[in-house]
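Heads up, the thing below is written out as structure tokens.
Every read-out reported here was derived from the displayed coordinates using simple, explicitly stated rules and does not represent laboratory data. Here the structure is a predicted model, which means the values were calculated and not measured. Using ideal geometry, Cβ is built from the backbone for each residue, glycine included, and neighbour counts are taken over all protein chains shown.
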Amino acid sequence: MTRRQWLQTSFAAPFAGPARAQSRKPNIILIVADDLGYAGLGCYGNQQIKTPNIDLLAAEGMRFTDFVVSWPACTPSRSSILTGRYPQRNGLYDMIRNNEVNWKYQYTEETYAVSPEMTIGMDTREVTIGQALQHAGYTTGVIGKWDGGRARRFLPLQRGFDFYYGFANTGIDYYTHQRYGVASMFRGNRRIQEPGHATDLFLREALAFLKQNRTRPFFLYLPFNAPHGASTFHKDDPQEEPKYMDMYKHLPKGIAQTAAWTTHLDDAVGAIMAELKALGQDENTLVIFSSDNGGTGAAYNGPLRGKKAQMYEGGIRVPMIARWPGRIPKGAVNRDFVSSLEYFPTFLAAAGAQPPSSVKLDGFNLLPVLEGKAKSPRTEFFWQRQGDKAARSGHWKWVETAQGAALYNLSTDLGEQHDLSQENPAVFASMKAKWHSWRTEMDNAEPRGPFRDY
Ligand SMILES: [Ca+2]
């Protein structure tokens with residue numbers, strides 16, 4: 001199918017409502033931190049890490065306490081952000097990476113070129129939020145961690161984005177921008193190497209993008225790599241500037257590093273918000289800040305059990321803050337159940353556009369919830385990471401791993417300490433059945449690569 005044919009068949013008629021008082025459509029900025037835990041910000045109760053600028057976003061907007069992502073680690077979670085679909089539906093339900101680096105394997109350019117990291121990516125039949133917003137008249141950009149495949153056909157410029165600066169794989173060294181010795185930074189489709197801390201470079205590019213697009217509606221997807229651990233052979237390098245490291249000398253090394261990366265990221269968020277105001281676009285921009293998955297052992301997950309890569313809340317429940325002056329109430333704390341699957345339909349609704357008709361989306365438009373006009377309609381969510389499974393229905397959470405299965409009541413046991421499966425056998429059986437029903441629906445969906453194109 002050509003791109004023109006796809007556009008004709010995938011989208012319903014453009015929005016044809018009455019002329020709006022606003023002179024232009026709103027801008028959308030989605031900032032995604034990497035591995036930021038549930039309690040990694042001041043506004044989520046952190047007493048150690050300084051995050052005044054992100055805290056201000058929460059004070060000027062709405063902070064969610066029950067926001068989940070679709071997978072407890074990077075690649076599949078980001079696939080859902082981009083497609084509005086469960087990873088098991090869009091086909092990208094495990095990591096894109098070369099596991100050999102875990103054994104300190106140093107690739108040559110030639111061996112790297114034919115490795116999984118270079119050859120697999122998100123199915124090109126998937127419709128990204130970039131494509132959908134481009135169709136709605138938006139200028140679209142990705143600055144930071146793409147994580148949807150590194151081969152050219154998988155890179156952002158071929159997936160609905162007008163601008164791309166960042167790294168395409170799942171993690172880099174903050175200063176060399178290499179992933180275990182292989183250069184990984186891109187501008188557009190071209191691999192580049194330049195000096196600088198990744199957070200500073202992404203900020204520089206974001207500010208330039210805002211300036212350049214101040215006269216037209218834009219969507220900026222801004223996935224920073226902070227505060228993710230550095231993917232480098234040089235694990236003892238500080239990976240951060242002394243001015244940030246010095247703030248956290250009193251903390252254990254791993255936690256101090258996470259804190260320093262987070263505060264550096266917070267400074268970048270502050271600079272972006274200042275630029276947005278300077279450009280007069282502050283009132284006309286929906287800004288969302290969140291994380292792709294829960295924190296590692298070196299992060300703060302607060303009262304939650306578990307961490308990144310696990311099915312417990314510590315792996316999947318993360319901060320989410322939304323700010324849009326005049327549309328979203330200030331300083332609101334929302335305890336509704338919502339997820340990253342909601343971004344796609346929400347952004348299209350903000351743009352006054354219809355979702356692509358040929359695509360089954362798994363989320364809903366969050367705008368009425370953000371505006372304080374409605375409760376979240378989400379009641380269920382399902383997860384699978386290899387042999388680990390989980391289901392959520394209302395306040396019930398079912399988890400099944402190689403260690404066994406359990407049932408938790410999150411309304412009274414957020415820390416998932418008390419297995420209630422014996423006392424509530426009917427709920428336990430029902431949750432398991434719901435999960436298998438969801439799994440059957442995923443199996444019956446059109447097969448998508450790279451993991452299920454058969
Ligand atoms: Ca991550």
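Classify segment 351-412 as rounded, prolate or oblate from the Cα gyration tensor: take a ≥ b ≥ c as the square roots of its eigenvalues, call it rounded if a/c is under 1.5, otherwise prolate when a/b beats b/c and oblate if not.
Judged from the Cα gyration tensor, segment 351-412 comes out oblate (a/c at least 1.5, b/c at or above a/b).
If I take every Cα pair under 8 Å that is 6 or more residues apart in the chain, average their sequence separation and divide by the length, what percent do I get for the relative contact order? Mind dumping the intermediate values first?
Working: 990 pairs, mean separation 115.4, N = 454.
Rounded, it is 25 percent for the chain.
What FRET efficiency do you get for Ser430 and Asn99 if R0 is 45 Å and r is their Cβ-Cβ distance, rounded to the nearest 0.05?
Numbers: r = 37 Å, r/R0 = 0.82.
According to the calculation, E is roughly 0.75.
Can you compute the charge dipole magnitude of the chain about its Cα centre, using +1 on each Lys and Arg Cβ and -1 on each Asp and Glu Cβ, nothing else charged? Give it in debye, rounded to the nearest 20.
Values: 52 positive and 45 negative charges, 239 e Å.
For this selection, approximately 1160 debye.
Could you go through segment 332-348 in sequence order and give the Karplus-derived ³J(HN,Hα) for each residue, using 6.51 cos²θ - 1.76 cosθ + 1.60 with θ = phi - 60°, rounded to whole Hz, and x for Gly and Pro?
Once rounded to whole Hz, the list reads 7, 10, 10, 9, 5, 7, 9, 8, 5, 5, 7, 4, 4, x, 5, 5, 5.
Just going by the charge dipole of the chain, with Lys and Arg at +1 and Asp and Glu at -1 on Cβ, which of Ser393, Tyr44, Gly415 is farthest out on the positive end?
Ser393
Just want to confirm a number: the relative contact order over segment 370-454, from Cα pairs under 8 angstrom separated by 6+ residues, in percent.
Values: 90 pairs, mean separation 14.9, N = 85.
Result for segment 370-454 is 18 percent.
For segment 185-191, just list the computed ³J(HN,Hα) in residue order, Karplus coefficients 6.51, -1.76 and 1.60, θ = phi - 60°, integers in Hz, with x standing in for Gly and Pro.
So the J values, rounded to whole Hz, are 8, 10, 10, x, 9, 9, 6.
Taking K and R as +1 and D and E as -1, what net charge do the other residues with C-beta under 15 Å from the C-beta of Val269 add up to?
Working: positive: Lys50, Arg63, Arg204, Lys277, Arg323; negative: Asp34, Asp55, Glu60, Asp200, Glu205, Asp266, Asp267, Glu275, Asp282.
Neighbour charge sum, excluding Val269 itself: -4.
What's the extension gain from Arg190 to Glu283 if we count 0.36 nm per residue and subtract their Cα-Cα distance? Write down the numbers at each step before the final one.
Numbers: separation 93, 0.36 × 93 = 33.48 nm, distance 3.49 nm.
Contour length minus Cα-Cα distance gives 30.0 nm.
Got a sec? Charge dipole of segment 236-365, +1 on Cβ for Lys and Arg, -1 for Asp and Glu; which of Met245, Gly297, Ile316 is way out at the positive end?
Of the candidates, Ile316 comes out farthest on the positive side.
Given the DSSP H assignment, sum -39500 (n - 2.57) over each helix run of at least 4 residues in the chain and divide by its residue total; what's the result at 222 nm in deg cm²/dmol, nearest 500?
Values: 14 runs with 127 residues, N = 454.
My calculation for the chain gives -8000 deg cm²/dmol from helical runs alone.
Quick one: which residues, 5 or more positions from Thr296 or on another chain, have an amide H under 5 Å from its amide H? H modelled 1.01 Å from N in the peptide plane, none for Pro or chain starts.
Lys308
Shape call for the chain from the C-alpha gyration tensor, a ≥ b ≥ c root eigenvalues: rounded (a/c under 1.5), prolate (a/b greater than b/c) or oblate?
Details: a/c = 1.15, a/b = 1.04, b/c = 1.10.
Note, shape of the chain comes out rounded.
Provide the per-residue ³J(HN,Hα) series for segment 60-66, in order, calculated from phi with Karplus coefficients 6.51, -1.76, 1.60 and θ = phi - 60°, each as a whole number of Hz, with x at glycine and proline positions.
So the J values, rounded to whole Hz, are 9, x, 10, 10, 9, 9, 10.
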